[in-house]
Each structure stands twice: as C-alpha cells, then as structure tokens.
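Report on one structure; see the data block that follows.
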Amino acid sequence: MESGSQFRLTPAQSAFCAQVRTLAETDLAPLATAGAPGHVNRPLLAAMGRHGLLARLFPGGADGRAEAAALDLCLLRESLAQVSTEAETALALQGLGTYPVVQNGTEEQIAHWLPKVVAGEAVAAFALSEPGSGSDAASLSLAATPTAGSGGADGADGWTLSGEKIWISNAPEADFYSVFARTTPEAGSRGVTAFLVPADRPGLGGEHLDMISPHPIGRVTFDNVPVTRADLLGEVDQGFRVAMRTLDLFRPSVGAFAVGMAQAALDASVTHAGQREAFGGVLKDLQAVSHSLAEMATRIEAARLLVYSAAEAYDSGEKRIAGRSAMAKLFATETAQYVVDAAVQIHGAAALQHGHLLEHLYREVRAPRIYEGASEVQRTIIGRELYRS
C-alpha cells in the first residue's frame, strides 16, 4: 500500500523499492537461508556489495562523508525487511557500525575502511551498550585510561581500554568496532570518547551470545587494549555526540524495518485468510478476521507515514527532530509487535511451527522495541519534547 498526501512515493522511489524486493527474493534470501544462525554472513554481505546496496548507504562514495538520505535509508530497510530480515539487518548493521567513521573519522580512517565496507569485505560493529548501560547510554563505564606520560584525557596521546561491551551486533566477528569509552570519570555524557578499534588489536576478545533472533550478537572484552589519537572518532570527551549523531540518522529507519516486517505479516495473513476454508466459507468472510486485517492494515499505514515524516524532517534539516523520530520508532515497533501477533492468531498453530514465516517474524519483531532506545525511552523523549519551548 502506498502512503498518501505529500508522502506518496515518487515513481523512481517505487521502482527502487520493487527492484530491492526482487533482488532480495532472487539472490539475497537464498544466501541468508544458507548462513549459519547467529554468525556474520559474509557471502550475503559480499552479494549486497556486488549489487550496490551497501553503496546506497554511503552516497558520497568510498572517499566521501556524504550521508544517505534518511528517507532512502528507510525505503531500503523496509523493502529488504518485507523479504529477508537477515539481509535487512546485515545491511543496517554495516551502516550503524560505519557511520561514526563516515561522520567523524579522519581521512585516513575513511580511506582505509569505507571501500571495504562498501564492497562487503569488512564487517563493522557499533559498540555502545554495556552490562550496566543499555538505553542509558550516558552512564557507560568502559574505561579509557591515559597511557603513562601522555598527560590527562585532553592531552593524552594514547589510552588503554578496559572493560566490556555486551549485546553488540556482529560481535565478536566484526573487523572493526566503533567503541565508546569513558575518558573522564563522573562526567556523564560529557566524558565519553569514541574510538575506531580494529579487531586485531591486542587485548580485544569476545564471545557469541545465544539470542532468540538469529542475528550475530555478542560480548566484546577489552583487556588494556591500546588506542591512540589516530584512532579517535571526533574529539576527546565528545563521543556521546558521535553516538547520537549516528542514532539520529538510523532511528527512523528502525521504524522502517518494523514496518517491513509488519507488511510481510499482513501480506501473508491476507493470502491465508483468502484461501483457508473454515466454518462453511473462507476466513476473510468472518467479520472477526476481516476486522483484524483492517486494523493491521490501518496501523501499518499510520506507522509508515510517521516513519516517512520523521525521515523527511531529518533530510530537510529541521532542528527539533528528536520527538518525531521517537514517535516513529515507538509507534512502528509497537505496531509491528501487534501485527505479527495478530497474524499468528489468524494463521493458527501452523504459524508456531519452526520454519514458518510468522514463527521467524515472531522472534524477530521483539528486539526493535528495545534496541536503539527502548519504547519507554522513546516515550520519555516525546514527553520531554512536549515541554520544550
């Protein structure tokens, strides 16, 4: 279903979405299915590199700092999610892990890593969450200690990182990590610094975590991992801004991912209800089922419009987008949870069988209500924005 009013897609945008869905069906989905659950799927990333999908994340090219348009990112993620959540997530994680470098890295960092990411040859990770610091990102405690003789945090030439990160997508298989560490104790968000840490640094370790969704997620450990000023992403003690700048771009597209999953669940339900015979007819002729489908379709369209609106606000340079982005993520992810659950109900016991599309979506849909700011955090942001003058 196309969105209405000023948010109607252009013919070029609609054609692009259709092209992405076709590519996902014919090439990406088989590669995703062949991958090992819980591990980075490098053949899938390589295929997305060959087809230019990863390049869509970085329109400035391998040497540029230009950001993808937030709306384009949403269309890409929604289209992939309708066909293959694995492909969607693999692409999104490349963007999330690499954008701190694109937005804040040095020319040397960009020249070294961005071409490999665009080609699907290097795996990126965004390492923010910690055992005691999830949605409260400003409270993180991974310690960046100045090395001997390098002075205080601002004057340091080098640091060692000690502590751990957890629930990090692509860990521990990533080739590099955008890491956020505490350089100034007791300073909250003003004492965090971002570093680019290659995976081969001494003292860097990690392990896989077994989660309900099949994506690669793990723990990253830092045992006096050395970093220098050449590894900085942005300025010392300004890393929280680095993290938020990336999340501001990606938050609406988390909603797009949710919309794509919800649309897949609705499409499957419409087909099933139109064919499944029960009680002397087909399911769609039962008012309870048709009303459920109508509610699902209405909520999806509302969520899609919120996502597109937030993305266009970001792209147009509006100053106060936090509330709109929070609304988009909140409503879209909560809607996807509702729609997938309703779709399972319409399908009945078959949808609970391992390997069924809805069994897969039922496991996938839960996490987006937590990561990149839980729904409760989004409500807090929205409430706070209501009182800003």
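A few notes on this one:
- Flag if VAL270 is at pLDDT 95 or above and buried (at least 18 other Cβ atoms within 10 Å of the Cβ): no
- The listed residues are VAL344, VAL307, VAL377, VAL289, and the only one of them that is closer than 25 Å to PRO37 by Cα, out of contact with any His (no Cβ under 7 Å at 6 or more places or on another chain), crowded, with 16+ Cβ neighbours inside 10 Å and outside the structural domain of THR33 (by TED's automatic domain parsing) turns out to be VAL344.
- Only one entry of SER135, SER169 meets the criterion of being outside the structural domain of GLY95 (by TED's automatic domain parsing), modelled with pLDDT under 90, within 17 Å of ILE217 (Cβ to Cβ) and surrounded by 16 or more Cβ atoms within 10 Å (Cβ to Cβ), and that entry is SER135.
- Of all residues making up region 207-234, the number that are at negative phi and either among the aromatic types (Phe, Trp, Tyr) or assigned to a strand (DSSP E or B) (or both): 15
- Selection within region 14-73 - modelled with pLDDT of 95 or more, part of a helix (DSSP H, G or I) and of a type in the set (Val, Ile, Thr): VAL20, THR22, THR26
- The one condition from (1) out of contact with any strand residue (DSSP E or B) (no Cβ under 6 Å at 6 or more places or on another chain); (2) part of a helix (DSSP H, G or I); (3) farther than 15 Å from GLU78 by Cα; (4) not polar (S, T, N, Q) that GLU301 does not meet is (3).
The values are calculated or read from the model by the stated rules, or taken from the named source; none is laboratory data. These numbers come from a predicted model, not from an experiment. We place every Cβ from the backbone using ideal geometry, glycine too, and count neighbours over all the protein chains shown.
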